[in-house]
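Remarks on the structure that follows.
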Amino acid sequence: MEKKRIVTGDRPTGKLHIGHYFGSLINRVKMQDEYDEYILIADVQALTDNFNNPEKVRNNVKELVKDYLACGIDPKKVTIYIQSMIPETAELTIYYSNLVTISRLSRNPTVKTEIAQKKDLFGESVTYGFLGYPVNQAADITVLNGDIVPAGEDQEPLIEQCREIVRKFNSIYGEVLKEPEIYLSKNKRIKGLDGNEKMGKSLGNAIYLSDSEEEILKKVMSAVTDPKRIKKDDLGNPDVCMVSYYHKLFNSEDNYNNVCKECREGLRGCVECKKELAKKIIEYLKPIREKREYLEAHPEIIDKVLIEGTKKARAEAKKTMAKVKKAMKLDYYED
Ligand code: TRP
């Protein structure tokens, strides 16, 4: 039986952190054997809200690839490619834009939230490109004939919009496109060191896969703990402490239970507890960091992955576009 195809991706706007690791990278590594997996580096989408900062987007493309490979994504199994190098996606985006109304796009909850957060960039009126990025994302997925898009809840409205476009296209031009399904990640979003619901670059509360041992220690020492606890023998509440929260992620269950017990009984100081946690995180991330350093020293490996991945993805995209153009009666002459 043919493997089902996964299409997923990230915007190249920063290095990846442990939130990405537990939220999606682990899944991508797990799924790479069973599925035909494609990961796109969404530079075109990143530009929709970073059009004034092309260096940032450019500089983060290869950082993402380093993070992927360091975490165990195997380029022999997974096709990693750059979105802008598949011009068929841009072409398909234009055809799709006839099938979507402005009001439907404006109602997309994910886009709506993002527009509200980006007032500084967009002022009173959002750009055509940003409002339309779900259309572009629909093209990303369908140009590759994706069956499944593994993603977090925030991506659900985007996939739903993609499915609507596919249905509309097929009902007008004939059954050409595949309707993808979302595979919702069961992993919960990882909170930040400051207790914020989201770990993120802009919030300054993230531990990156590329952080050095010193950086990890420094960050863990600054993590938010139970504010009511001042002295070591004050009885602590690990439920409101970010250090215990991460102990749960990086420690064995027994050790974690013991940490909580000692904290509740006032037998464990926060400084000591943080140092222990930092050691665990450093240990856990060590093989990832070492592999990343190796890749850092061998940029030719990254280039090869991207060149080959992009070539393969483009060949797939061309096949879909030939069908799309034929269905739309745009197949005038042979290329
Ligand atoms: N919107 C996704 C994000 O912000 C990135 C993305 C672009 C994507 N194209 C995609 C995800 C196609 C899945 C499929 O993380």
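Read-outs: derived from the displayed coordinates by stated rules, not from any lab. None of these values were measured; they are calculated from a predicted model. FYI the Cβ positions are ideal-geometry reconstructions off the backbone, even for glycines, and counts take in every protein chain you see.
For the chain, modelled as a GNM whose springs connect Cα atoms under 10 angstrom apart, the maximal fluctuation among I190, I307, I288 occurs at I307. Helix 133-143 and the long axis of the chain differ in direction by around 70°, with both axes built from C-alpha atoms. All distinct Cα pairs of the stretch 230-333 go into the 1/r average, and the inverse of that average, the Kirkwood radius, is 18.4 Å.
Helix 156-173 versus the longest principal axis of the chain: what is the Cα-based angle in degrees, 0 to 90, to the nearest 10? Approximately 10 degrees, to the nearest ten. Between the C-alpha center of the stretch 70-142 and that of the stretch 146-191 there is a gap of 13 Å. Its Cα centre serving as origin, the chain has a Cβ charge dipole (Lys and Arg +1, Asp and Glu -1) of approximately 260 debye.
What's the whole-number percent of alpha carbon pairs in the stretch 80-142 lying beyond 17 angstrom? The answer is 43 percent, as a whole percent.
Proximity of backbone amide H atoms, modeled 1.01 Å from N, is registered between G9 and L40 at under 5 Å, excluding neighbours fewer than 5 places apart on the same chain. Which log10 I(q)/I(0) values, to two decimals, does the stretch 21-153 give at q = 0.14, 0.18 Å⁻¹ under the Debye formula with one point per Cα? Relative scattering, expressed as log10 I(q)/I(0), comes to -0.74, -1.17. Normalised size of the chain, defined as Cα radius of gyration per 2.2 N^0.38 Å with N residues, equals 1.12.
For the stretch 302-308, 3J(HN,Hα) computed residue by residue from phi via the Karplus equation (6.51, -1.76, 1.60; θ = phi - 60°) reads 5, 4, 4, 4, 6, 5, 5 Hz, glycine and proline entered as x.
Potential lengthening of the chain between K76 and Y333 amounts to 88.9 nm, from the contour at 0.36 nm per residue minus the alpha-carbon distance. In degrees between 0 and 90, to the nearest 10, how far off the longest principal axis of the chain does helix 270-297 point, with axes built from Cα atoms? The answer is roughly 40 degrees. Within the stretch 253-335, report the chymotrypsin sites (Phe, Trp or Tyr not before Pro) that DSSP leaves as loop and that have at most 10 other Cβ atoms within 10 Å. Filter output for the stretch 253-335: Y332, Y333. Rounded to the nearest 20, the size of the Cβ-charge dipole of the stretch 211-293 about its Cα centre is 120 debye, with Lys and Arg at +1 and Asp and Glu at -1. Candidates L131, L121, P238 compared by Cα position along the dipole of the chain: farthest toward the positive end lies P238, with charges placed on Cβ. Build a GNM of the chain with springs between Cα atoms under 10 Å apart, and of S103, S210, S222 the one that fluctuates most is S103. Answer with one residue from S222, L277, S252: the one whose Cα lies farthest towards the positive end of the charge dipole of the stretch 211-293, charges on Cβ with Lys, Arg +1 and Asp, Glu -1. Sorting the options by dipole projection puts first S222.
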